[in-house]
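Some notes on the structure that comes next.
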Amino acid sequence: MTSRRLDVEDDSLGLYERSLAEGWGDGLPVLPPTEQRVRDLLAATPYYPDDVICTLAPRNGVATVEKAAVNAALAGCEPEAFPLVIAALEGISAPEFNLFGLATTTSSVIPMLIVNGPRRAALQIDMAAGCMGGAAGRGSMTIGRAVCLCLRNIGGQRVGLTSKSVFGQPARSGLCFAEWEEESPWPSVAEQRGFRAVDEVVTVHGGKGTFPMADIHNDDPRDLLTLVAKTVAFPLSNTFLALHASDGEIVLAFNPVWARRFAAVFPDIADVQQFLRDHAWQPIELWPPGNQQIIERQGRVDAAGRVHLVERTDQFVIVVCGGKGSLHAVCLPSWGESHLQSRAVNR
């Protein structure tokens, strides 16, 4: 292995303080990336340490398998989970994901990871109650963090320097959750994207945050889905700011109870996506006159005076996860200038 060695005292607090002082920590405590721990991570992959996964913006740092393993060790990632980190890095480095723009923008966007496949539970990737924060599964908490540490230490993403993010978001220390496939009435996200049910797949989404929705009043699934569509089509959405309605995807996480309610009316997930696309619009009159002129110049107003959030039905990506409390859904709004990527895990 070729990574620079650091001699540190056998003191976890000292390592943490050094990570903060030298800028390779993310503000959370880190674990020592000893040579043995890094070798254990490497042994869980079919790759050599100097194999190149990708280059990471903004400084085009070369992400070798060894460098990724060092950051995964810092995050506490277990060896069996490390191949998912590699798959996520492959996804975010695809040109269509637009990592340079994502890493340097003033927005709060960060790669958010959705996991499918047979090892979700074994790797403790949260998919039920609290799956987007609080469930504390080791896989969820360490895989996403490992990717963010790679962005920081290999890609050179530094808030206020290379990244101009005005607010950031809590998920900038990592967000990784799994689809609760066993509770879904529809094909999984991975299957919708051409993979098999037995494949391990990591899907990366440039998400601006977690936008919660709740309802206790609607018995008709169509009424509820209409409100979901109107809620995600909020006027200051980045998707309305984009030059083209074809940019980006909206990820919608439905809890199993809501998913079954919707599936009773829409057994085909394509019909859910079509319904959302047809109802996720706002009247042009909602915007002030100056904004109306800009939107009209962009050609985003249809003959009925409606401004649709997205152009295509597949820009709504539906994932089933979360607890079985029937009141809630979560939107992961799109940054806009990025396209969701899925990669199979290689072991």
Quiz item: How are the Cα pair distances of the stretch 241-307 distributed, in percent, across 10 Å bins from 0?
Solution: 17, 40, 25, 17, 1
Quiz prompt | Rg to Rh, two decimals, where the stretch 1-40 supplies the alpha carbon set and Rh follows Kirkwood | solution = 0.96
Quiz prompt | Sum of -39500 (n - 2.57) over DSSP H runs of 4+, divided by residues of the chain (222 nm, nearest 500) | solution = -9500 deg cm²/dmol
Quiz prompt | Relative contact order %, the chain, counting alpha carbon pairs below 8 Å whose residues are six or more apart | solution = 22
Quiz item: Between the DSSP loop rule and a limit of at most 15 other Cβ atoms within 10 Å, which trypsin sites (Lys or Arg not before Pro) in the stretch 184-233 are left?
Solution: R196
Exercise. Please name whichever of P170, L89, L149 sits farthest to the positive end of the charge dipole of the stretch 37-178, dipole taken about the Cα centre and charges placed at Cβ: Lys and Arg +1, Asp and Glu -1.
Key: P170
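Percent of accessible area on the chain owned by carbon and sulfur, 1.4 Å probe?
Details: 8180 of 15120 Å².
Percent of accessible area from carbon and sulfur atoms in the chain: 54.
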Practice problem: Project the alpha carbons of the stretch 3-109 onto their principal axes and report the range along each, largest first, in whole Å. | Solution: 43, 35, 21
Practice problem: Find the accessible area per residue for the chain; the probe is 1.4 Å, ligands and nucleic acids are left out, and the unit is Å². | Solution: 44
Self-check item: FRET efficiency, Q292 to L236 (Cβ-Cβ, R0 22 Å, nearest 0.05)
Solution: 0.90
Quiz item: With r defined as the distance between the Cβ atoms of M1 and R158 and R0 fixed at 25 Å, what FRET efficiency is calculated, to the nearest 0.05?
Solution: 0.50
Practice problem: May I have the extent of the alpha carbons of the stretch 131-233 along their three principal axes, as whole Å values ordered from largest to smallest? | Solution: 49, 36, 27
Self-check item: the stretch 286-347-the stretch 117-138 distance, computed between alpha-carbon centres (Å)
Solution: 26
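Would you kindly calculate the translational diffusion coefficient of the stretch 201-347, applying Stokes-Einstein with the Kirkwood radius from alpha carbon pairs, for 25 °C and a viscosity of 0.890 mPa s, and quote it in µm² s⁻¹ without decimals? Could the numbers behind the result be given before it?
Details: Rh = 16.0 Å.
Estimated via Stokes-Einstein, D reaches 153 µm²/s.
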Quiz prompt | Top of A214, A245, A304 by mean-square fluctuation, Gaussian network on the chain, Cα under 10 Å | solution = A304
Self-check item: Longest site-free stretch - the chain; sites: GluC sites (Glu not before Pro), DSSP loop, at most 16 other Cβ within 10 Å
Solution: 10-310
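The values are calculated or read from the model by the stated rules, or taken from the named source; none is laboratory data. None of the values given here were measured: they were computed from a predicted structure. A quick note on method: Cβ atoms are made from the backbone with ideal geometry, for glycine too, and the neighbour counts reach across all protein chains shown. These area figures cover heavy atoms from the full protein model, side chains too; ligands, DNA and RNA do not enter into them. Shrake-Rupley method; radii C 1.70, N 1.55, O 1.52, S 1.80 Å.
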